[in-house]
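First comes the structure, then the notes that go with it.
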Amino acid sequence: ICIMEKQVLESSEERTFQYQDSLPSLPVPPLDESLSKYLDAVKPFLNQEEYQRTKDIVKKFENGIGKELHQKLLERAKTRRNWLEDWWLNVAYLDLRISTQIHCNIGGPGPFIEHCWPPKEGTQIERACVNIWHTLKYWDLLRAEKVAIERSGNAVLDMNQFRMLFCTCKIPGVTRDSIGSYFKTEAEGECPSHLIVLCRGRVFAFDAIHEGNMITPPEIFRQLTYIQKRCHSEPDGPGLAALTSSERTKWAELREYLIDLDPKNLTLLEKIQRSLFVVCLDDSSPHATPEDYTEVTRLGLTGDPTVRWGDKSYNSIFFSNGTCSAFCDHSPFDAMALITMLSYAEKKIIENEGKWKGSDKVRDIPWPEELVFTVDQKIINEIGRAKELYYKKVSDLQLVNYAFTSFGKALIRKKKLHPDTFVQLALQLAYYKCHGRPGCCYETAMTRRFYHGRTETIRSCTVEAVEWCKSMLDPSNSTYQRLQLMHNAFAKHNKMRKECENGKGFDRHLLGLLLIAQEQGLPVPELYVDNAFTASGGGGNFILSTSLTGYTRFSGSALPMVHHGYGFFYAIRDDRIVTTCSSWKSCPETDAEVLCRTVFQCFQDMLKLTVAAQL
């Protein structure tokens, strides 16, 4: 009976991927609904005459070519559980030819300085091995399908992105990149189990499993110390990893050249691609406080390119003062999967006070092997050029990562307001104050309640938000008027978020219609060349590129979408809002520092409004 009971218990526990096959397919919304939402979204950026013109273009599209394209999209959706998936991967990521490491990767600082691990020289390796071990434990849970299924209310969320956290790498192609993912659950079979370590331009590998058992922090310590001692006492390596920061076609050609130079180079490249993740030992010591993570975030995103493998889905960076950062290729997953994993590790680290409390026994495991690439003068020159271009580009970046500490989620909820909408509207007001006009804005909504769902765009710059911004700047408006308009703007944003999460947004739909036209070799419909389309952010022209990174201690960031734009990312905690704002110095009209400080002022202004209302 005991054995039977045990089996019943085990089978009743949910497995991470067990509902993947029963998730609903991604829907295609009705054409008329999408177009009327689009018209509503372009309004703030057009005058009466322009709006009328766009209205006519939309009408013509709806009754003409748009109708045909929509039918064809519905046909496509019949044979696919997610009609968008492969298109999105290509258009948003794999077709890009710019340096994706700079323009698309995501990253963020570890929050450990706030509890277990204040910055301290000489702690890099000991902290790294504890952190790595907890990450390996998460890999173990994922292989056993014991990672909890995420839900939104009662709805089960798609867990596919979690497979991409490990053993996943982008591979450059001459016209389009591809993703290599080698992760397997225990039920599926063997999974690669080695780690890659980058240090001073050199590349090392060692296995995380020895004789069937996971290596322990003291054993990882031995491996990392061996690597570090060698790197600090011998000449630097060539820094091949810097090539991953090049423009994609360039990197693809150099990769082919490397393979032609010596077929052994392919074996080494594949070893990096298949690895669990990359551990980066970085010699910098970024300054960091709980209120100001700027330096650690900047170096995490744009630090030494010879100790980051830009194409890897997860680089775990450890700085010499014991601070750390995550750095990821964005194509295989969105930030929430990563944050779930990092939060798990953080919870375990806190439970153990940042220490390893197990056995200090170190088994006689094989030393790390160095991956020594065959390089020639051409490759050495190209690495030099890649570094030079990289540093030139990233030196133009202005980035701040500050905590607003006056209040957070607890107080905002007490005022019966949605914390995410609160931040989005503060950002709209701040942009309006700084630039004197509305700023088209992309906020990420997640569509993970559908099979392989990823994201939809919430366009935060609504007619209602702009009306409210104007009232805040108009001294003749009463507090009551401002409050009414603010509540309207909140209601609109909350409604849009819900729609987007339920597959009723319009941006991905419009993209789908355009891609159908392209696939059929049809001319680009007028709707997409109309000024309104670009002015309102369409075609990747959003001035504000934003995302909530959740309600944990983890915040992260990406760079602006356009040269005259901003990246604005935020984590909302009970007592604070941690924001990361970026812009390009070479653009005279944008200033990340000023926008961020203005947003903080707007937080206060909005709170004052709700307080005045209660008086």
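Observations on the model:
- Stokes-Einstein D for the stretch 301-375, Kirkwood Rh over Cα pairs, 10 °C, 1.306 mPa s (µm²/s): 102
- Extension gain, Asp21 back to Asn502 (0.36 nm per residue minus Cα-Cα distance, nm): 171.3 nm
- Using the Cβ-Cβ distance between Glu33 and Arg151 with R0 set to 25 Å, the FRET efficiency from 1/(1 + (r/R0)^6) comes to roughly 0.40.
- Dimensionless Rg/Rh of the stretch 528-615 - Kirkwood Rh, Rg from C-alpha atoms: 1.06
- With the largest listed first and rounded to whole Å, the semi-axes of the equivalent ellipsoid of the stretch 171-217 from the Cα gyration tensor are 26, 20, 6.
- In terms of its Cα atoms, the stretch 131-191 spans 43, 29, 26 Å along the principal axes, sorted from long to short.
- Taking max minus min of the alpha-carbon positions on each principal axis, the stretch 407-488 gives extents of 50, 30, 20 Å, largest first.
- Surface composition of the stretch 360-406: carbon plus sulfur atoms hold 52% of the accessible area, using a 1.4 angstrom probe and ignoring ligands, DNA and RNA.
- To put it simply, the accessible area of the stretch 457-615 at a 1.4 Å probe is 54 percent carbon and sulfur.
- One quarter of the convex hull surface built on the alpha carbon atoms of the stretch 413-460 amounts to 4.3 nm², the projected area averaged over directions.
- Computed packing ranks the peptides 65-78, 311-324 as 311-324, 65-78, most packed first, by mean other Cβ atoms within 10 Å.
- Cβ-Cβ distance of Thr534 and Lys415, R₀ of 30 Å, FRET efficiency by 1/(1 + (r/R0)^6): the value works out to about 0.25.
- Label-to-label distance, Asp56 versus Asp86, with points set 7 angstrom from Cα along the beta-carbon direction: 4.1 nm.
- Once the Cα gyration tensor of the stretch 380-535 is diagonalised, semi-axes √(5λ) in Å: 33, 26, 19
- Qualifying GluC sites (Glu not before Pro) in the stretch 99-143, where qualification requires a DSSP coil assignment and no more than 12 other C-beta atoms within 10 Å, comprise Glu121.
- Mean projected area of the Cα convex hull of the chain, taken over all directions, amounts to 30.8 nm².
- Accessible surface of Asp575 - all protein chains present, 1.4 Å probe, nearest 10 Å²: 80
- Shape box of the stretch 332-394 [Cα atoms, principal axes, largest first, Å]: 49, 38, 22
- When the convex hull of its Cα atoms is viewed from all sides, the stretch 102-218 shows a mean projected area of 11.5 nm².
- Between Lys184 and His103, the modelled label-to-label distance comes to 3.7 nm, taking each label 7 Å out from Cα in the direction of the beta carbon.
- The stretch 7-98 - convex hull of alpha carbons, volume per residue in Å³: 192
- Between Lys229 and His435, the simple spin-label model (points 7 angstrom out along Cα→Cβ) gives 5.5 nm.
- Pairs of alpha carbons in the stretch 483-547 whose separation is greater than 16 Å (percent): 63
- For Glu75 and Glu270, a Förster radius of 51 Å and the Cβ-Cβ distance give a FRET efficiency of 0.85, rounded to the nearest 0.05.
- The chain - accessible surface per residue (Å², probe 1.4 Å): 41
- Taken over the C-alpha atoms, the stretch 310-463 has Rg and Dmax values of 22.4, 67 angstrom.
- Estimated from helices alone, the mean residue ellipticity of the chain at 222 nm is -14000 deg cm²/dmol (sum of -39500 (n - 2.57) over DSSP H runs with n ≥ 4, per residue).
The values are calculated or read from the model by the stated rules, or taken from the named source; none is laboratory data. For clarity, every value in this text was computed on a predicted model and none was experimentally measured. When we count neighbours, we look across all protein chains shown, and the Cβ atoms used for this are built from the backbone with ideal geometry, even at glycine. Note: areas computed on protein heavy atoms with side chains; ligands, DNA, RNA excluded. Shrake-Rupley method; radii C 1.70, N 1.55, O 1.52, S 1.80 Å.
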